[in-house]
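Q: First the structure, which I've put down as structure tokens, then a few questions once you've had a look.
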Amino acid sequence: GVDAEASKACVECHDAEDLSDSSRHAHSHPTDARTPGCTTCHGPSPGHVKKPAGAPKQLPPDITYGKKTASPVAVRNAVCTSCHSKETKRMLWAGSQHEAADIACNNCHQNHTNTDKALARATETELCYGCHKEQRTQLARPSHHPIPEGKMACRDCHNVHGSAGPKLAKKDSTNDTCYSCHAEKRGPFVHPHEPATQDCASCHNPHGSTVQAMLKARPPMLCMQCHTPHVTGGVGAVGGQPGVFTAPRVGVPPAVGPNTGGRNVVNTWQGRACSNCHTQVHGSNNPATTNPTPQFLFR
Amino acid sequence: DTVTETSVSAGLGAVDGNRLDRAQFDQYSGLRPSQHVFGLFGLDYYRRNDDTGVAVRFGASDLLTDNRELGLHWARQGDWVFSADYKELVRRETVIFNSGITGVGSAAPVLLPVTPGTGSDLDLRTRREGVGLGFRKVISPSLQFELSGRTEHKTGSRLFGVGFACPSALAITCTGTNGIQTGSGVLFVPEPIDSDHNQVDARLSFAAEKLRLSFGYYGSFYQNSLGSLHPQIPGSLFNPTGTLLPVSSGLAGILGNPVALPPDNQAHQLDITGAYLYNARSTVNFKLSRTRATQNANFLAEGLSGAPAGVSDLGGRVDTTLAQVGFSTRPLAKLSVQGTLRYEDRDDKTPLALYNVEGTSFYTNRQLPYRTTKAKLQANYQFTSAWRGTLGFGRELIDRGVFTPTSATAGVTAERQKTAETTYRAELRRQMTEAFSGAVALEHSERSGSNWLRDNSGLGVTEVPDPNAPGIGFDRGIFMPTLADRRRDKVRLLADWQPLDKLSVQGALDVGIDRYQAPGVYGVRDTSMRQATVDFNYAITDAWNVNGFVAHGNQTIDQGRPDQAFLAFRNGETNVGLGLTGKATSKLELGANLSYLQDRATFVQALDTTASAADAALLAASGGLPPITFRQHVLRLSGKYTVDKKSSVRAEFAHYRTRWDDWAWNFNGTPFVFADGTVGTRKLVQHVNVLRVVYTYSWK
């Protein structure tokens, strides 16, 4: 609870003129007995309340949170976690990536304000970009989740306070996190696609890509990292290039002619590439046993 | 006492450009492509009674677009919370398709061949509408209960298709007669979407002085109103050179086969999560969970026939057990140690049935168990006030269980059931001066695994230590990069410099190299990445601030491919941002932001002396794959004028210029044409100007 008496000395100097308005902050709530007082977070700070005899000036508070603070991260974080570890979403903080990287709560959060950037979807992403600069560039790419548009934020997929998932994924795995919005991909299917069942990030970059569907590489190259491709299309070329629809030289037929099958250099490399035909890349639930069986993810 | 704060924002927006100019912008704009003027309306209401402690907050935004959001938070902090929200989100396809197809969005579209470019322009989009409800009750200082649910309805259609090239193994009815019939076709058939996803979370949390415990249930229920897609195939399709020919009867049958749409599925998870604050220096935490995911959509009800005799649904079931323990301790003032141990076992209990019949060969489906054990340990030591060092160790074991012996490996050339990876990490940080600090981090990891599984060209697999051994015939094999032996090295340099009180500069350089030692000669051989960033922030005066960044990165992938082809992929990306904010007068705030992104992918192909003459001729004539470039400039200007204590006007202008030179749908004036004549267009250069003016009135 709040030690109101101990905080009285603080507000003599740090009044409403000195501090920004934080009346809507959870720490300022008038009837919540759990809300902290000044000394809960800053310590009793007797040398700050009253200049010690012989000292040239007042000492700083016992615990400070400013940019040039001398208070160790562990000390600052211990203050916050003494209350906030009661929430399930913060129980796995110890040992998590951000804790191990010596990140302090106040690196992201502000208390004496009504507009903590970390708590608002519109401002949170910019805050994360402060360290995660690679993602800042990736999210500027044309195929992305609607994060730059403010319709999603980092928190929709990540729990920055610790999780049982990789990369602080909100759910226990990357796939489980994706399924919370893309449940149609969960299956299980009659004909699963193994990498899709293991890790969506095998093929997708959820932070953005210059390839449609946020793919990590352009098909068919992406697919050919695992699969033996059809021999036609061994040399990548596209319609509109010389040699594709016209003969490259006398005696050599064009790569694509009137009788060329569908597995030609254009259909393999353009449009949806491999998924022009292998359309069920997340798995097919078609049980048909007749040829061509759906095991090749045609239908 | 009661505190009430309300603000209402209303205004108008205008956007220029036609559908082609706005394709990229409209991906998530929530505007109809024909809409050039749009309304802006939002509100924020906050009311708190300081006697009762009850506070209510209601917010609404984008109410006059298709991306509207409403949110309610009603609470007596420390006692109870009730929340509700409503959200819409529309995503539009950035490629505009012109097609003769009708019935898009239905499960039975009708395909009609048209001369490319003479069909109708389609507006492929998906729309999500979701409602969320939440309730939390603090039962006592040590006990709390939470319940939340979310339901989302998704409709629309997205890029999809069917295609097939009749192989000679199939009857002549499929391959047809050359020059008279077409025996292959790639068709544009958008996937119809009409589904619901319901999720529920319930949690009881307990907190004693040192112990925290939380028991939770999570349920996910996906229901698709559409079971299968039945495209109606036309009698004639274009052959690869654009001649309309009758479709062979066999091909027509195959292309007209029903396509399975995502089946209904369910998942239930129980978990217990907790932490023990042993003392001020040491904490242990854990999570245990058990998930059961099932899928038992009835095949016939979904419109899918031909299942093995006696099988009405997959009966799919995957049980996942997760256990994680983490700790953080500070045994000495200068030493801290953190670690986690994580075990996850996805046990695929889906029953087997003979889903694959090829001639006289019968194969079952395949189970995909997946067990991972991952350990991480890290120690940090503060040598002096200036020096800090970190050592880390990681070990990951993946076990893919026993290969289902009754299934076939067709389509995948080599697999391995177990892989193990060890990672070492070291980092040194130094505070060189009060204004300058730097860090260097090195990471090295090596992955190897169990024997390789050789495809038996029939049932099951044979385990071999060297898939390239004479007689095995795997030298053309491609080995998955996720399974192959891999050596990974990373270096990271960081610098943080504050030369002036008003100026701060940060720099980072990341270099990473992966080398694959797969036994095959094809597939990924090595990859690399380099990224350098510099950020700065300068407070020109108390009122004006400028900030910016430059980031440049390179990625490479070298990949071997069949027919003695080799492909090197190079991707270079530059991202620049510059922002200015300030107060021109006590009433006028101004902002400007300019960003630029360039991404260029180039492909280098090479052939060796054994390449076929046709491949060599094609490569020589075409010059290889063209590069792909994406460039985007965005300029944003904003101004906010405070009229009085209660009202303000905000104006924002944005200019987007996007140039996307990509050969996926068109190159050099030649479009990629589906067999029904559908073509996709993405305008090369897109310009969009957007102006928004909003008046906000607030009162207390």
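The values are calculated or read from the model by the stated rules, or taken from the named source; none is laboratory data. Note that the structure is a prediction, hence the values are computed from the model and not measured. Here the Cβ positions follow ideal geometry from the backbone for every residue, glycine too, while neighbour counts run over all protein chains shown. Side chains are part of the model used for accessible areas, which takes the heavy atoms of the whole protein and leaves out ligands, DNA and RNA. Shrake-Rupley method; radii C 1.70, N 1.55, O 1.52, S 1.80 Å.
Q: For labels at B:S638 and B:T321 in the simple 7 Å Cα→Cβ model, what's the distance in nm?
A: In this crude spin-label approximation the distance works out to 5.2 nm.
Q: Which percent of the accessible area of the range A:66-169 is formed by carbon and sulfur heavy atoms (probe 1.4 angstrom)?
A: Details: 2860 of 4810 Å².
Heavy-atom surface of the range A:66-169 belonging to carbon and sulfur, 1.4 Å probe: 60 percent.
Q: State to the nearest 20 debye the size of the charge dipole of chain A about its Cα centre, where the only charges are +1 on K and R beta carbons and -1 on D and E beta carbons. Present the calculation step by step, with values, prior to reporting the outcome.
A: Numbers: 30 positive and 23 negative charges, 197 e Å.
Here chain A has a charge dipole of around 940 debye.
Q: Residue by residue through B:296-305, how many Cβ atoms from other chains fall within 10 Å of the Cβ on average? Walk me through the numbers on the way to the answer.
A: Numbers: counts 0, 1, 0, 5, 1, 0, 3, 0, 8, 4.
Other-chain Cβ atoms within 10 Å of each residue's Cβ, averaged: 2.
Q: Next question. Pop out the carbon and sulfur fraction of the accessible area of the range B:572-661 as a percent, whole number, probe 1.4 Å.
A: After summing per-atom areas, the C and S share lands at 59 percent.
Q: Another question, if that's okay. Can you run the Rg to Rh ratio on the range A:67-187? Use alpha carbon positions and the Kirkwood inverse-distance Rh.
A: My calculation of the ratio gives 0.98.
Q: Per DSSP H run of at least 4 residues, take -39500 (n - 2.57); add these up for the protein assembly as shown, divide by its residues and hand me the 222 nm value, nearest 500 deg cm²/dmol.
A: When only DSSP H runs of four or more count, the value is -2000 deg cm²/dmol.
Q: What are the radius of gyration and Dmax of chain A, computed over its Cα atoms and given in Å?
A: 29.0, 101
Q: Given R₀ = 41 Å, FRET efficiency for A:E126-B:Q517 by Cβ-Cβ distance, to 0.05?
A: 0.50
Q: Can you tell me the FRET efficiency between B:Q232 and B:A309 if r is taken as the Cβ-Cβ distance and R0 is 25 Å, rounded to the nearest 0.05?
A: 0.30
Q: So for the pair A:K216, A:A55, with labels modelled 7 Å out along Cα→Cβ, what separation do we get in nm?
A: That separation, rounded to one decimal, is 5.5 nm.
Q: Amide H of B:Q517: which non-local residues (sequence gap of 5 or more, or other chain) have their own amide H closer than 5 Å, using H built in the peptide plane?
A: Hits under the 5 Å cutoff: B:D485, B:R486, B:R487.
Q: Within 11 Å, Cβ to Cβ, of B:V685, how many net charges do the neighbouring residues add up to if Lys/Arg are +1 and Asp/Glu are -1?
A: Once positives and negatives cancel, what remains is +3.
Q: Given Cβ point charges of +1 (Lys, Arg) and -1 (Asp, Glu) and nothing else, what value in debye, to the nearest 20, does the dipole of the range B:138-243 about its Cα centre take?
A: 180 debye
Q: Considering all projection directions equally, how large on average is the shadow of the alpha-carbon convex hull of the range B:135-253, in square nanometres?
A: The number I arrive at for the range B:135-253 is 12.6 nm².
Q: Between B:S448 and B:I180, with labels modelled 7 Å along Cα→Cβ, what's the label distance in nm to one decimal, could you check?
A: Distance between the two pseudo-spin positions: 6.2 nm.
Q: A further question on this structure: Using modelled backbone amide H atoms (1.01 Å from N, in-plane), which distant-in-sequence or interchain residues come within less than 5 Å of A:V160's amide H?
A: Long-range HN contacts for A:V160: none found.
Q: Send over the semi-axes of chain B's equivalent ellipsoid, whole angstrom and largest first, taken as the square roots of 5 times the C-alpha gyration tensor eigenvalues.
A: Sorted largest first and rounded, they come to 46, 37, 33 Å.
Q: On the accessible surface of the range B:337-398, probed at 1.4 Å, how many percent belong to carbon and sulfur atoms? Walk me through the numbers on the way to the answer.
A: Values: 1880 of 3050 Å².
Within the range B:337-398, the accessible surface is 62 percent carbon and sulfur.
Q: As a test of the definition: with a 1.4 Å probe, what buried accessible area, both sides summed, do you compute for A against B, in Å² to the nearest 100?
A: The A and B chains share an interface burying roughly 12500 Å².
Q: So which of B:K583/B:K640; A:K117/B:K502; A:K133/A:K171 end up more than 19 Å apart by C-alpha?
A: In this structure, A:K117/B:K502; A:K133/A:K171 exceed 19 Å between Cα atoms.
Q: Between the chain alone and the structure with every protein chain in place, find the residues of the range B:229-267 that drop at least 10 Å² of accessible area; heavy atoms, 1.4 Å probe.
A: Buried on complex formation: B:N239, B:P240, B:T241, B:I254, B:N257, B:P258, B:V259, B:A260, B:P262, B:P263, B:N265, B:A267.
Q: Accessible area per residue of chain B at 1.4 Å probe, in Å²?
A: 45 Å²
Q: Then there is this: Report the Rg/Rh value for the range B:22-179, based on alpha-carbon coordinates and the Kirkwood definition of Rh.
A: That ratio equals 1.23.
Q: Given R₀ = 51 Å, FRET efficiency for B:V357-B:N198 by Cβ-Cβ distance, to 0.05? Can you show the working numbers first?
A: Details: r = 37 Å, r/R0 = 0.73.
That gives a FRET efficiency of 0.85.
Q: In a Gaussian network model over chain A where Cα atoms closer than 10 Å are linked, find which of A:T88, A:T268, A:T123 has the largest mean-square fluctuation.
A: A:T88
Q: Enter the mean number of other protein chain beta carbons within 10 Å of the beta carbon of each residue in B:422-435, as an integer.
A: If you average over the peptide's residues, the count of other-chain Cβ atoms is 0.
Q: Please compute the Cα-Cα pair-distance distribution of the protein assembly as shown with 20 Å bins starting at 0, giving whole percents from short to long.
A: The calculated distribution, bin by bin, is 11, 42, 36, 10, 1, 0.
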